[in-house]
1. Report yes if Lys151 is at pLDDT 95 or above and not polar (S, T, N, Q), otherwise no.
2. Please identify the pairs in which a residue from segment 111-124 that is outside the structural domain of Gly44 (by TED's automatic domain parsing) and modelled with pLDDT under 90 has its Cβ atom under 7 Å from the Cβ atom of a residue that is surrounded by 15 or more Cβ atoms within 10 Å (Cβ to Cβ) and not small (Gly, Ala, Ser), counting only partners at least 6 apart or on another chain.
3. If I filter segment 175-184 for residues that are at pLDDT below 90 and either over 25 Å from the mean Cα position of the chain (by Cα) or closer than 26 Å to Ser247 by Cβ (or both), do I get at least one hit?
4. Taking Ala77, is it of a type outside the set (S, T, N, Q), in the same structural domain as Tyr13 (by TED's automatic domain parsing) and open to solvent by less than 10 Å² (accessible area, probe 1.4 Å)?
5. Tell me yes or no: at least one residue of segment 23-34 is modelled with pLDDT under 90, closer than 28 Å to Arg87 by Cα and open to solvent by 90 Å² or more (accessible area, probe 1.4 Å).
6. Please identify the pairs in which a residue from segment 170-184 that is in a helix (DSSP H, G or I) has its Cβ atom under 7 Å from the Cβ atom of a residue that is open to solvent by 30 Å² or more (accessible area, probe 1.4 Å) and among the polar types (S, T, N, Q), counting only partners at least 6 apart or on another chain.
7. Need the failing condition index for Asn215 against (1) surrounded by 12 or more Cβ atoms within 10 Å (Cβ to Cβ); (2) at pLDDT 95 or above, just the number.
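The values are calculated or read from the model by the stated rules, or taken from the named source; none is laboratory data. Nothing here was measured: the structure is a model prediction, and the numbers come from that model. Cβ placement follows ideal geometry from the backbone for every residue including glycine, while neighbour counts extend to all protein chains displayed. Each accessible area value is taken on the protein alone, full model and side chains, heavy atoms only, with ligands, DNA and RNA left out. Shrake-Rupley method; radii C 1.70, N 1.55, O 1.52, S 1.80 Å.
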Amino acid sequence: MAAELTTDRSVLYLYGITESRPRDLPELIGVDRFAPIESIDCDGVFCWISRVPALDFEKNLARNMENLDWLAETSVAHQRVIAAIARHTDILPTRFGTVFRTEESLCKHIAKRVRGLKKDFQRIKGADEWGVKVFAIQPAIPTVSKVRSGKDYLKAKAALLPNRRPKPAARDEMIKFERALAGVATETASVGNMSRGQRGLAFQTSLLVSRSKRNKLESLLEKFAQEWAQDHRIECTGPWPPYSFVSRPENKVRSK
């Protein structure tokens, strides 16, 4: 989450890294809603930072993250900065709460990763992240009609029980859908456990898609949405900066 932290007056909050420094980037305000966004040249790449109070973003960060109001406002501000930069140039976003003590410590950290970062820039060039989820449409609950015997009653109750095993045809269709998405995407990334508890969620993935293939992705999603209108609902979010496609040891990323 953080590197070389301190309790001094301020620390450098890192939002992301770019290969270029856009000239027409508007003035941006950082996560503390006060300090402006700056860029620092580190070994030929540009780190976008703001100088924030160490008290809030180092010493008391864990406590602040338990404050849902603070966390919501600050994480939105974090994403807003990244999105604003992404509108002007490709950016490798960093995780929420990543801070450094000094410019020297930041550049030292970047120097160790610069080769990998440059490979990442090649991978994400001209591409955005999209999230895709598929939800099973819950059938209407039938009512129990009048029954004349205990046997009729048990049959009626059994008919109300949901079929927990997906039909083979449904599984085949989901595999077909996943392969079709992989054919459009440059890469796919596994999704964490955060949204797996959503009711009816049958499938989810993150895609890295070239902007030149956006129309192809949208046509593909529309095709399956029409075919599955009675059984499944497709939810797509994006485009986003490539949060899921920054190389990290724990990331499970599959390349074509």
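1. In short, no.
2. none
3. no
4. Criteria met by Ala77.
5. yes
6. The qualifying pairs do not exist here.
7. Result: Asn215 passes all but (1).
Residue-wise test of (1) without any contact (Cβ under 8 Å) to a residue 24 or more places away in the chain; (2) over 23 Å from Arg123 (Cα atoms); (3) not hydrophobic (A, V, I, L, M, F, W, C).
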| residue | (1), (2), (3) |
| --- | --- |
| Arg23 | yes, yes, yes |
| Gly30 | no, yes, yes |
| Ile40 | no, no, no |
| Val45 | no, no, no |
| Arg51 | no, yes, yes |
| Ile91 | no, no, no |
